[in-house]
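Encoded as structure tokens, the structure appears first; notes follow it.
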Amino acid sequence: MQVTVKLFAFFRDGRFKEEGREYPPGTTVGDIVNSLGIVRDEVGVVLVNSRQAGLEAAVAENDAVAIFPVIGGG
Amino acid sequence: MTEKIFRVNMTDLTTSVEDVPAAWAGHGGRGLTSTIVAAEVEPTCHPLGPKNKLVFAPGLLSGTVAANSGRLSAGAKSPLTGTIKEANSGGTAAQFLARCGCKALIIEGQPKGDGWYSLMVTPDGVTISEEKDLIGKGNFAVAGALESRLPGKGLITIGPAGEMKMAAANISVKDPDGGMRSNGRGGLGAVMGSKKVKFIAIDPRDGKVEIADPEKFKEANRTFAKALVGHPVSKALGQYGTNVLVNIINESGGLPTRNFTLGQFEGHEKISGETMYDTIIARNGKPKHNCHPGCVIQCSQVYNDASGKKITSGFEYESIWAMGADCCIDNLDQIAEADRLMDDIGIDSIETPVAMGVAMEAGVLSFGDGSGICRVLKEEVAKGTPLGRIIGNGAASVGRAYGVTRVPVVKNQAIPAYDPRAIKGIGITYATSTQGADHTMGYTIATNILGVGGKVDPLTKEGQVELSRNLQIATAAIDSTGMCLFIAFAALDDQNCLPALIEMINARFGIALTGDDVVSLGQYILKTERAFNLAAGFTNLDDRLPDFFYTEPVAPHNVVFDFSGEEIDTFWNF
Ligand code: SF4
């Protein structure tokens, strides 16, 4: 299935900003994180279609998955 | 050096140095400014009249080597909101005031004539001088002139906006490199202008802050600084600044866009922290910079133009959001230029661009017109034309002048960079804050969006009132220590951080505060501030958001703010 993956802050270094990628059905957010070589502990926030999601969340066809490191501000 | 209260009476141009009353002794920063304003200012007085008082207080740990402890609180009755107000800023003034032995500087009364004055604070007290040369000048000209007149001194100043008593005028504090940090919100610059004080210079000479138990202090500071440096949020703040938030708030659908009609901005990538970082590096700027010595997080930066010349520093997410998404400007250079202009004019870089967004809706300017914003700042606001004064008095002032109903304010103060429909916790903070809409009063974004201090889903109502309450109480206490609020990310996550902070306060004063005392302090501050507001005529019905948040769904989530009045009012059940 086709999934749009967006990366932010230093997760972009050596990877990409946004890419359409193919994954098998049943893929979770955690699988995507692993497939990109991102250390799970460094993941701060994941948004699937603009909603907060955990690493265990299942991803569906045409979802937009945004992955952020631990960040803050204000 | 024993701490004293420094008092300046601008009616008869006298000054005094007083012992600290017992009831004020345990306070600093916001706790002290709010305690003094509540004790000495008539809640119903005109904020720009002789009965209002402007109070400056360094935090409990300011002037020591404690990491990130250089915040300066300023308090008064606000001309923008009519409520009590505390706004704090970085820069070197808090450290210098503390080293003068000044626990609080109280400026009261009002001179009769048209003359302007400056103040000089030293460990001996305050002297008042007449000031002629720098009247009408911008903050950078004041800082430049002061550096040649009195090199190396601390500086607190107002620009033309403060002189003209605009309700969005801020008070600016010089940083170590001549940049400006601001007591930004609520028009405190207008209060300083109403006292006819153009600037305050601070010379601590060889003054030092006494520490009751230096060994214990050093040890606690080591643990504290380690917790700050080790937290991943601190690292990201050092690299991208607070502007790292543009993309995540946009992705969450809570980035107020086009005067709060949308929750996402097409041009987000161009104004994001990531783009800003790349631009700073390409132009030989500094991605990391501190607003006062001793900060170990360094969220500030120096942003240069294409030729490598500095445009601005301390370039914050909320300011970039306001000019960027809210006014639909996707050009970071224009936003930086407007930021520098506002620092020079001495006007709040949240209130002013939100006011511009309302003016854009009214057709005064087109959305996206970045050069238009810079022109209006230079030609209208700085010069005090009628349009400049309408904008300089804030978003609500523009709404009234032009008959716009979509005016994002609470208690007249502009709502900042997080849409309360898509991020509901922050809506509770905006509604209930004792100071009008202000994200820093109870930053639920940490938990709603960033996953710091637990997780509370931003789109449900559950848990938001409690979250905002706990954060507002904790924030009031932190604002009393002189600590920059960005220590809160480490404090929420790292077990060692908060105890080390309390240990430093204990070692500084030779006392034995506990975690519970800190919570009680926060509760006391909120209740003191609220009592002032109630006596000024506010009621629970003022703790509401503007109508459109309840009736206009915001994309992409298509949600409204759906808390009833009764639900909001439960905030005060403590
Ligand atoms: S983190 Fe930023 S705001 Fe806080 S003290 Fe450091 S430079 Fe100033």
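Here are a few things to note about the model shown:
- Qualifying residue in the range B:374-382 (condition: at pLDDT 95 or above, under 18 Å from B:Ser78 (Cβ atoms) and surrounded by fewer than 24 Cβ atoms within 10 Å (Cβ to Cβ)): no
- Residues in the range B:248-273 that are touching a strand residue (DSSP E or B) at 6+ places or on another chain (Cβ under 8 Å) and under 17 Å from B:Val452 (Cα atoms) were compared, and the one that is nearest to the ligand (Cβ to nearest atom) is B:Ile248.
- Filtered residues of the range A:6-19 (kept if away from chain B (no Cβ under 14 Å) and either crowded, with 16+ Cβ neighbours inside 10 Å or of a type in the set (Val, Ile, Thr) (or both)): none
- A:Gly72 being in a loop (DSSP other than H, G, I, E, B), open to solvent by less than 20 Å² (accessible area, probe 1.4 Å) and within 23 Å of B:Asn250 (Cα to Cα): yes
- Test: residue in the range B:456-476 that is farther than 22 Å from B:Pro58 by Cβ, open to solvent by 40 Å² or more (accessible area, probe 1.4 Å) and touching a strand residue (DSSP E or B) at 6+ places or on another chain (Cβ under 7 Å): yes
- In the set (1) more than 11 Å from every other protein chain (Cβ to nearest Cβ); (2) under 28 Å from B:Asn331 (Cβ atoms), the condition left unmet by B:Ala417 is number (1).
- Here the range B:226-237 is the region considered, the condition is being within 14 Å of the ligand (Cβ to nearest atom) and surrounded by fewer than 20 Cβ atoms within 10 Å (Cβ to Cβ), and the residue that is nearest to B:Ser272 (Cα to Cα) is B:Lys235.
- Only residues that are surrounded by 24 or more Cβ atoms within 10 Å (Cβ to Cβ), of a type in the set (Gly, Ala, Ser), more than 16 Å from the ligand (Cβ to nearest atom) and closer than 12 Å to B:Leu188 by Cα were counted in the range B:46-89, giving 3.
- The range B:521-535 residues that are not assigned by TED's automatic domain parsing to the domain that holds B:Phe571, paired with ones that are open to solvent by less than 30 Å² (accessible area, probe 1.4 Å) and not β-branched (Val, Ile, Thr) (beta carbon under 8 Å, 6 or more apart): none
- Taking the listed residues B:Thr122, B:Thr92, the one that is touching a residue at least 60 places away in the same chain (Cβ under 8 Å), within 16 Å of the ligand (Cβ to nearest atom) and of a type in the set (Val, Ile, Thr) is B:Thr92, with no other qualifying.
- Search result, residues across the range B:344-363 that are part of a loop (DSSP other than H, G, I, E, B) and under 23 Å from B:Gly186 (Cβ atoms): B:Gly346, B:Asp348, B:Ser349, B:Ile350
- Conditions (1) surrounded by 24 or more Cβ atoms within 10 Å (Cβ to Cβ); (2) farther than 26 Å from B:Arg530 by Cβ; (3) among the aliphatic types (A, V, I, L, M); number of the one not met by B:Leu13: (1)
- Which listed residue is assigned to a loop (DSSP other than H, G, I, E, B) and either open to solvent by 10 Å² or more (accessible area, probe 1.4 Å) or free of Cβ contacts under 8 Å to residues at least 40 places away in the same chain (or both), from B:Gly436, B:Gly451: B:Gly451
- The lone exception for B:Ala507 - which of (1) closer than 21 Å to B:Met441 by Cα; (2) in contact with a Phe, Trp or Tyr (Cβ under 7 Å, 6 or more places away or on another chain) it fails: (1)
- Subset of the range B:259-286 (residues that are more than 11 Å from chain A (Cβ to nearest Cβ) and surrounded by fewer than 20 Cβ atoms within 10 Å (Cβ to Cβ)): B:Thr261, B:Leu262, B:Glu266, B:Gly267, B:Lys270, B:Thr279, B:Ile281, B:Ala282, B:Arg283, B:Asn284, B:Lys286
- Some residue of the range B:512-524 being buried (at least 21 other Cβ atoms within 10 Å of the Cβ) and within 14 Å of chain A (Cβ to nearest Cβ): no
- The range B:556-568, residues that are open to solvent by less than 40 Å² (accessible area, probe 1.4 Å) and either within 14 Å of chain A (Cβ to nearest Cβ) or modelled with pLDDT under 95 (or both): B:His557, B:Val559
- Members of the range B:287-300 found to be within 14 Å of another protein chain (Cβ to nearest Cβ) and in contact with a Lys or Arg (Cβ under 6 Å, 6 or more places away or on another chain), listed by number: B:Gln298
- Complete set of residues in the range B:490-503 that are assigned to a helix (DSSP H, G or I) and either more than 10 Å from every other protein chain (Cβ to nearest Cβ) or near the ligand (Cβ under 10 Å from one of its atoms) (or both): B:Ala491, B:Cys497, B:Leu498, B:Pro499, B:Ala500, B:Leu501, B:Ile502, B:Glu503
- Residue match in the range B:88-96 (condition: modelled with pLDDT of 95 or more and over 17 Å from the mean Cα position of the chain (by Cα)): yes
- Annotation: of all residues in the range A:20-43 being within 14 Å of chain B (Cβ to nearest Cβ) and open to solvent by less than 20 Å² (accessible area, probe 1.4 Å), the one that is nearest to B:Ile445 (Cα to Cα) is A:Val29.
Quick grid of which residues meet (1) under 21 Å from B:Gly178 (Cα atoms); (2) within 14 Å of the ligand (Cβ to nearest atom):
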site: B:Thr275; (1), (2): no, no
site: B:Thr279; (1), (2): no, no
site: B:Arg283; (1), (2): yes, no
site: B:Asn290; (1), (2): yes, yes
site: B:Gly294; (1), (2): yes, yes
site: B:Cys299; (1), (2): yes, yes
site: B:Asn304; (1), (2): yes, no
site: B:Lys309; (1), (2): yes, no
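- Any hit, the range B:100-111, residues being within 19 Å of the chain's Cα centre (by Cα), open to solvent by 30 Å² or more (accessible area, probe 1.4 Å) and not β-branched (Val, Ile, Thr): no
- Some residue of the range B:249-258 being within 24 Å of the chain's Cα centre (by Cα), under 25 Å from B:Lys286 (Cα atoms), open to solvent by 10 Å² or more (accessible area, probe 1.4 Å) and within 12 Å of chain A (Cβ to nearest Cβ): no
- Within the range B:238-248, considering residues that are polar (S, T, N, Q) and surrounded by 24 or more Cβ atoms within 10 Å (Cβ to Cβ), the one farthest from the other protein chains (Cβ to nearest Cβ): B:Asn243
- For the range B:529-557, the set of residues classified as over 14 Å from B:Tyr430 (Cβ atoms) and not in a loop (DSSP other than H, G, I, E, B) consists of B:Glu529, B:Arg530, B:Ala531, B:Phe532, B:Asn533, B:Leu534, B:Ala535, B:Asn540, B:Leu541, B:Thr551, B:Val554, listed by residue number.
The values are calculated or read from the model by the stated rules, or taken from the named source; none is laboratory data. Every value quoted in this text rests on a predicted model; they were computed, and no experiment measured them. Here Cβ is always computed from backbone atoms with ideal geometry, including for glycine, and neighbour counts include all displayed protein chains. Heads up: the accessible areas ignore ligands, DNA and RNA and are worked out on the full protein's heavy atoms, side chains in. Shrake-Rupley method; radii C 1.70, N 1.55, O 1.52, S 1.80 Å.
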